[in-house]
Amino acid sequence: MLVLGIESSCDETAAAVVRDDGRVLSDVVASQIAVHAPYGGVVPELASRAHLVNVVPVIEQALAEVEGGLSAIDAIAVTRGPGLVGALLVGVQAAKAIAFVRDLPLVGVDHLVGHLFAVYLRRGEGDAPPPELPFVALLVSGGHTAIYEVAAHDRVRIVGQTRDDAAGEAFDKVAKLLGLGYPGGPVIDRLAQGGDPAAVKLPIPMSSRRTLDFSFSGLKTAVARLVREEGRPKSEQALADLCAAFQHAVVKVLVDKSVTACERLGIARLVLGGGVAANRGLRARASEVCASRGIELFVPPIASCTDNAAMSAYAGALRLAAGERDDLELTAYSRNPDLRRGKVR
Ligand code: KG4
Ligand code: ZN
């Protein structure tokens, strides 16, 4: 079975065709980074408008890369939330239109479930081996930072989450403070490589083992105070040191809490996902700590970590395999109220 996936929850317009075993046949992502960069963050109205411009060409390209094009497609899956509602609506309406015209089954999927199961996508070289269920997942992106216990596509339980900023958001805000441009994560990651994390003293946020929740706003404020009092770092080395110290503080708390979650839940499998999972410091520390604690670590390739529609298609394939369907009444939502109760659609 081939599923056409459509994703437009934030600032990427994406379409992909995925087989129900996870094999990715096409995967097209139109990024809006250039649209939002001047503002240092995603502007919802501009995102919706860019999705409107991009959605049809992106879907056409994803279909053109598959033998048989639209005629080969058996079902449509679309991200219905959480995300920016104006942005989600563009993908949801496109998916409904195609499903209606071609009389194809339609399933709405949760963006977070997409991220959590992206580790099962098969892209070829660089794929992580597929983990057995259950697993613990650390999902870290610009919009989300949480730890989940994942037992099945419809049995996902949040066990810890950020109380304020997402980790990616903290990277982006600190980069903005330091005048490093948007998105800030990749720049800080690169600069941190040449820095000494011990050279600058920053707090490790929420380091108590009692809670699995995160908080990054205090860390961002600590960097802001430093910049206010001492000005921006004056040498390349000082900038690299500050980036390394900030990244170390974020990565340490992400890894420590994920490992604590694995130990508390008695699950020795940890999956990383979301754009911040591209961070070299996070990958390195997670693999080091997991190896020392006997936890198997699964890190999908970067194309599967950042927003894409292949993950939506695969999450849709899981729902379809369970006999689940939506109809043309499908709506978009900005938050998923069911997540806390451990039931996700
Ligand atoms: O998952 P994603 O592509 O989009 C969503 O937010 O859903 O994640 C984007 C976020 C941005 O905040 C970006 O700065 C961050 O991921 N990011 C990184 C790195 N690459 C992307 N953060 C740290 N290190 C990186 N190498
Ligand atoms: Zn995402």
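Could you list all residues from the range 237-251 that are more than 14 Å from ligand 1 (Cβ to nearest atom) and touching a residue at least 40 places away in the same chain (Cβ under 8 Å)?
The answer is 237, 239, 240, 241, 242, 245.
Restricting to the range 293-316, and then to whatever is hydroxyl-bearing (Ser, Thr, Tyr) and open to solvent by 10 Å² or more (accessible area, probe 1.4 Å), can you tell me which residue is nearest to ligand 2 (Cβ to nearest atom)?
The residue in question is 306.
For the range 262-278, what are the residues that are within 16 Å of ligand 1 (Cβ to nearest atom) and either in contact with a Phe, Trp or Tyr (Cβ under 8 Å, 6 or more places away or on another chain) or free of Cβ contacts under 8 Å to residues at least 60 places away in the same chain (or both)?
271, 272, 276, listed by residue number.
Among the listed residues 91, 81, 108, which satisfies the condition of being in the same structural domain as residue 50 (by TED's automatic domain parsing) and at positive phi?
81
Which ones in the range 20-38 are touching a residue at least 24 places away in the same chain (Cβ under 8 Å), of a type outside the set (D, E, K, R) and either surrounded by 15 or more Cβ atoms within 10 Å (Cβ to Cβ) or touching a Leu at 6+ places or on another chain (Cβ under 8 Å) (or both)?
Correct list: 22, 24, 25, 26, 28, 29, 30, 35, 36.
Here's a check for you: in the range 171-188, which residue that is touching a residue at least 60 places away in the same chain (Cβ under 8 Å) and farther than 21 Å from residue 32 by Cβ is nearest to ligand 1 (Cβ to nearest atom)?
Only one residue fits best here, namely 174.
Search the range 64-93 for residues being closer than 13 Å to residue 48 by Cα and of a type in the set (Gly, Ala, Ser), and hand back the single one that is surrounded by the fewest Cβ atoms within 10 Å (Cβ to Cβ). Even if it seems obvious, please write down each step before you answer.
Taking the range 64-93 first, the residues closer than 13 Å to residue 48 by Cα are 83-93.
Checking which are of a type in the set (Gly, Ala, Ser) leaves us with 83, 86-87, 91.
Details: 83: 25, 86: 17, 87: 30, 91: 29.
Among residues in the range 64-93 that are closer than 13 Å to residue 48 by Cα and of a type in the set (Gly, Ala, Ser), the one surrounded by the fewest Cβ atoms within 10 Å (Cβ to Cβ) is 86.
The values are calculated or read from the model by the stated rules, or taken from the named source; none is laboratory data. Here the structure is a predicted model, which means the values were calculated and not measured. In this analysis, Cβ positions are derived from the backbone assuming ideal geometry, glycine residues included, and neighbour counts consider all displayed protein chains. Ligands, DNA and RNA are excluded from the accessible area calculation, which covers all protein heavy atoms including side chains. Shrake-Rupley method; radii C 1.70, N 1.55, O 1.52, S 1.80 Å.
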